[in-house]
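Asks: Please find one structure pasted underneath; my questions will follow.
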Amino acid sequence: MNLYPNLSQFSSKEFALNEDPVAAQIEFRRVTKMYGPIAAVKDVSLTVRQGEFVTILGPSGSGKTTALMLLAGFAAPSSGDILISGRSVAAVPSYRRDQGIVFQSYALFPHLTVRRNLEFPLEMRGMRAADRVKRVDQMLERVHLAEFGDRMPAQLSGGQQQRVALARALIADPPILLLDEPLGALDRNLREQMQGEIKRLHREFGKTTICVTHDQEEALTLSDRIVVMRAGQIEQTDTPEALYDRPVTRFVANFLGEANILEVHDFQIETGAAQPSGTVAMVRPERVCIAGSGAPKRADAEQRQSVTGKVEDMIYAGPLRRYQVRVGGSMLIVREHVASGRQTFKAGEEVCLDWLRSDVRFVER
Ligand code: ADP
Ligand code: MG
């Protein structure tokens, strides 16, 4: 069985990297993976569209890597099925699944030059030496490493090594790209730079991509959609905007940024809609405004809820001020952009907090 008919022609053709990329749809159907009594992945159903960039986001141990390993064929589901382009891959060994994979640790061959690292997947596919050289040259250009082909991995920076790993995953033009914590080993600035690089490569190559990370910022930046996992199960799947703005559960609300949970015993919560049972009210810190206790009412005051509290702490976070304000028995967080003319409040000051009633969300406990 050949899962990718387009790819079989591919090896005999000229390797034009700007050819229409082949992408594949991926489907998890009620997939469970047991390790002894532990369900590392539990009843996961998910469809990733052709060319889509989906990130699996969750804390350590939530089953992200296991989900990726099942797709890559390094582990088999205990129940359920995985389909690629509509066909079950249960009987397809990992080396026949034609997926480019990048791990956090790069996994470059340390004793081979960059060029030889990139040639390896092509050699495995039986490509002629002259074609390989041509293709490697093209790929080195594409990832801006043209001058580095003859270096050993140890002679490259972390970011450069990761670019080689990405290039190696892409070079045989697989329909699927899998990334497991690809930027986890890089420091913050480099991570941001590489996020841009991964986005660019996704735009240019159009591969169906599944990326695994525990870093919410990375997930928000890179993804068409994010799958939030918790204890082996999918908690919510949505676009970054929807996930941040309309989290379904308290776990999702807290995992993607900070959330103020409004406790009913502190004050009556005013909202337009009735609160569904089993939920708590939540408002994001940047939706809360802070003002001096004697400040005049806002123009849209009747659409807002306002409460009084006392500042417990204020920290500068670059362009933001982050306040902790005690309101009744709760501590509310306020994030405010630093702007000229804005008053700064110190610990101990009485303040007034307010937010639009329409900015309140109900999340499951
Ligand atoms: P994540 O990538 O989200 O950190 P993993 O998928 O690695 O999580 O692990 C999910 C759960 O499955 C954890 O409890 C982990 O200990 C367990 N697990 C993963 N792989 C194995 C294995 N090969 N044998 C036994 N338990 C495993
Ligand atoms: Mg992992």
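Asks: Would you check if there is a residue in region 230-248 being within 16 Å of ligand 2 (Cβ to nearest atom), charged (D, E, K, R), at pLDDT 95 or above and in contact with a Phe, Trp or Tyr (Cβ under 8 Å, 6 or more places away or on another chain)?
Replies: Yes: region 230-248 contains one or more residues that are within 16 Å of ligand 2 (Cβ to nearest atom), charged (D, E, K, R), at pLDDT 95 or above and in contact with a Phe, Trp or Tyr (Cβ under 8 Å, 6 or more places away or on another chain).
Asks: I'd like the residue in region 134-145 that is out of contact with any Asp or Glu (no Cβ under 8 Å at 6 or more places or on another chain) and assigned to a helix (DSSP H, G or I) and, out of all such residues, is farthest from A165 (Cα to Cα).
Replies: Filtering first and then ranking leaves K134.
Asks: Okay, next question. Out of region 232-246, which residues are part of a loop (DSSP other than H, G, I, E, B), β-branched (V, I, T) and crowded, with 19+ Cβ neighbours inside 10 Å? Give the steps one after another, and end with the answer.
Replies: First pass over region 232-246, keeping only residues part of a loop (DSSP other than H, G, I, E, B): 232, 239, 246.
From what's left, β-branched (V, I, T): 239.
Residues satisfying the conditions do not exist here.
Asks: Pull up region 51-86, narrow it to residues that are surrounded by 15 or more Cβ atoms within 10 Å (Cβ to Cβ) and away from ligand 1 (no atom under 16 Å from the Cβ), then point me to the one that is nearest to R30 (Cα to Cα).
Replies: Restricting to residues being surrounded by 15 or more Cβ atoms within 10 Å (Cβ to Cβ) and away from ligand 1 (no atom under 16 Å from the Cβ), the top hit is L83.
Asks: Of the conditions (1) modelled with pLDDT of 90 or more; (2) surrounded by fewer than 18 Cβ atoms within 10 Å (Cβ to Cβ); (3) of a type in the set (V, I, T), V264 fails just one. Which one is it?
Replies: The one condition V264 does not meet is (1).
Asks: Would a scan of region 95-109 turn up a residue that is in contact (Cβ under 8 Å) with a residue 40 or more places away in the chain, touching a helix residue (DSSP H, G or I) at 6+ places or on another chain (Cβ under 7 Å) and farther than 20 Å from I210 by Cβ?
Replies: Within region 95-109 (the criterion being in contact (Cβ under 8 Å) with a residue 40 or more places away in the chain, touching a helix residue (DSSP H, G or I) at 6+ places or on another chain (Cβ under 7 Å) and farther than 20 Å from I210 by Cβ), the answer is yes, since at least one residue qualifies.
Asks: Still on this model: Any idea how many residues of region 24-49 are outside any strand (DSSP E or B) and either farther than 20 Å from D81 by Cα or at pLDDT 95 or above (or both)?
Replies: Taking region 24-49 as the starting set, the residues that turn out to be outside any strand (DSSP E or B) are 24-25, 36-37, 49.
Next, from what is left, pick out any that are either farther than 20 Å from D81 by Cα or at pLDDT 95 or above (or both): 36-37, 49.
The total comes to 3.
Asks: Provide a single number: the residues in region 205-225 that are within 16 Å of ligand 2 (Cβ to nearest atom) and assigned to a strand (DSSP E or B).
Replies: Summing the residues that are within 16 Å of ligand 2 (Cβ to nearest atom) and assigned to a strand (DSSP E or B) in region 205-225 gives 4.
Asks: If you don't mind, another one. Go through region 256-290 residue by residue and tally those that are assigned to a loop (DSSP other than H, G, I, E, B) and polar (S, T, N, Q).
Replies: 4
Asks: Out of region 62-86, which residues are under 16 Å from V227 (Cβ atoms), within 16 Å of ligand 2 (Cβ to nearest atom) and touching a residue at least 12 places away in the same chain (Cβ under 8 Å)?
Replies: The initial filter retains those residues of region 62-86 that are under 16 Å from V227 (Cβ atoms), namely 62-71, 80, 82.
Then drop every residue that is not within 16 Å of ligand 2 (Cβ to nearest atom), which leaves 62-71.
Matches in region 62-86: S62, G63, K64, T65, T66, A67, L68, L70, L71.
The values are calculated or read from the model by the stated rules, or taken from the named source; none is laboratory data. Note that the coordinates shown come from a computational prediction; the quantities given were computed from them, not determined experimentally. Don't worry about glycine lacking a Cβ; one is built from the backbone with ideal geometry, like all the others, and counts go over all protein chains shown.
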